[in-house]
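Taking it in order: structure first as structure tokens, then the write-up.
Values quoted throughout were computed directly from the atomic coordinates according to the rules given, and no laboratory measurement underlies them. None of the values given here were measured: they were computed from a predicted structure. Cβ coordinates were reconstructed from backbone atoms using ideal geometry, including for glycine residues, and neighbour counts include every protein chain displayed.
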Amino acid sequence: MDSGIALAIKEDATDALGNLYNTYSKLYFTQNKIREAEDYAYKYDSLKDAANLKELNFYIGDMEVKYETEKKEAQIQLQRQQLQQKTIQNYFLIGGAIALLCIILLGYRNYRHRQKLQQARITELETEKQLTATEAVLKGEEQERTRLAKDLHDGLGGMLSGIKFSLSNIKGNAILTPDNALAFERSMDMLDSSIQEMRRVAHNMMPEILLKYGLDVALKEFCNEMTHSGAVHVSYQSVGMRNTAIEQTMALTIYRIVQELVNNAMKHAAAQNVLVQVHAAGQDNLLAVTVEDDGIGFNAAVLKQAEGIGWQNIQNRVEFLKGKVDIQSSSGGGTSVMIEMAI
């Protein structure tokens, strides 16, 4: 047993060493050797306590490992939860920021839209104001033309007709030499020409034919009169005008525009031939008026800075009709003016 104890100590065989100590203790107790038995019993107990302590330390270490592991897992889980909460918070913050940005953009868009509507309304009011002023000017101009036409026709025309009648009576009662008779006839011819010119001017200032028979007939008559005057040859063409009803104010405004354009072609462009075309598209409710000439032409860009009364009158009348103007002209290539408007 002593050899076994020595070998067990050498090999660190704790279980075998404990069995040998326990066997020694029991053997000495049977031999009634109490002190030796207690010594080996103490060694056995000490060895057993050491083994239990070792096992306990191992268990404690294992528990500590498990505790640390669980603690780390808990910390990881807590960190995950915190990360998840932060992620959710970030999502909420991002969503809130996006919502706020959308609200700001919608508010800005709404503000811009209202600003555009206000600007459009201001522009519309300014346009209406300008059109009202233009309408007032045009109406005043037509009223003045009517008054002057009546004064010429009824006043001056009556006086000239009276003078002609008086001269005719004088001729019948007077004895004239051949030379005086020839001079008298020339004076009568000049008086007739003056009466015709006065009637023509009065007719142009307030064309009664327009009021009676409409725009198509009035324009055709105007073109024929310009051709008969010998100043310029004016041709007239119309499409779809017979079945098209045009309001009197619009018809008179178009008539004045054509008058002004033909006069410009005759006076400023030195044109020999002028073509007036009027096309009414009933399905589209559009009226197109074109005036072309074979004059000297000009640079259309200078019209933007033009200060002439004639062109301003044309522009004002086109704006009053809410129409569009297209001008094509070149030096030596004549001029074409097309005006489109709704009817």
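Values for this structure:
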| item | result |
| --- | --- |
| Separation of the Gln315 and Met1 label points, Cα + 7 Å toward Cβ, nm | 13.8 nm |
| Charge context of His233, other residues only, Cβ under 13 angstrom, K/R +1, D/E -1 | -4 |
| Ordering of 331-337, 77-83 by burial proxy (mean other Cβ atoms within 10 Å per residue, highest first) | 331-337, 77-83 |
| Efficiency of FRET between Ala245 and Ala97 - r from beta-carbon atoms, R0 45 angstrom, step 0.05 | 0.10 |
| Fewest-first ranking of Asp216, Asp326, Asp179, using other Cβ atoms within 10 Å as the exposure measure | Asp179, Asp326, Asp216 |
| 5 angstrom amide H check on Ile343, placed H, neighbours 5+ away | Leu286, Leu287 |
| Of Lys33/Lys54; Lys220/Lys322; Lys267/Lys324; Lys129/Lys267; Lys10/Lys43; Lys26/Lys48, those spanning more than 22 Å from alpha-carbon to alpha-carbon | Lys33/Lys54; Lys220/Lys322; Lys267/Lys324; Lys129/Lys267 |
| Efficiency of FRET between Val325 and Leu167 - r from beta-carbon atoms, R0 56 angstrom, step 0.05 | 0.70 |
| Efficiency of FRET from Cβ geometry, Ala281 and Asp192, R₀ 56 Å, rounded to 0.05 | 0.80 |
| Segment 213-343: projected area of the alpha-carbon convex hull, averaged over directions, in nm² | 7.5 nm² |
| Derived scalar couplings ³J(HN,Hα) [segment 66-75; Karplus, 6.51 cos²θ - 1.76 cosθ + 1.60; whole Hz; x for Gly, Pro] | 4, 5, 5, 4, 5, 5, 5, 5, 5, 5 |
| Cut-off under 5 Å, modelled amide H: who pairs with Ser330 long-range | Phe298 |
| Segment Ala51-Gln81, length gained on full extension (0.36 nm per residue, minus Cα span) | 6.5 nm |
| Highest to lowest packing among 98-105, 3-10, 223-230, scored as the average C-beta count within 10 Å | 223-230, 3-10, 98-105 |
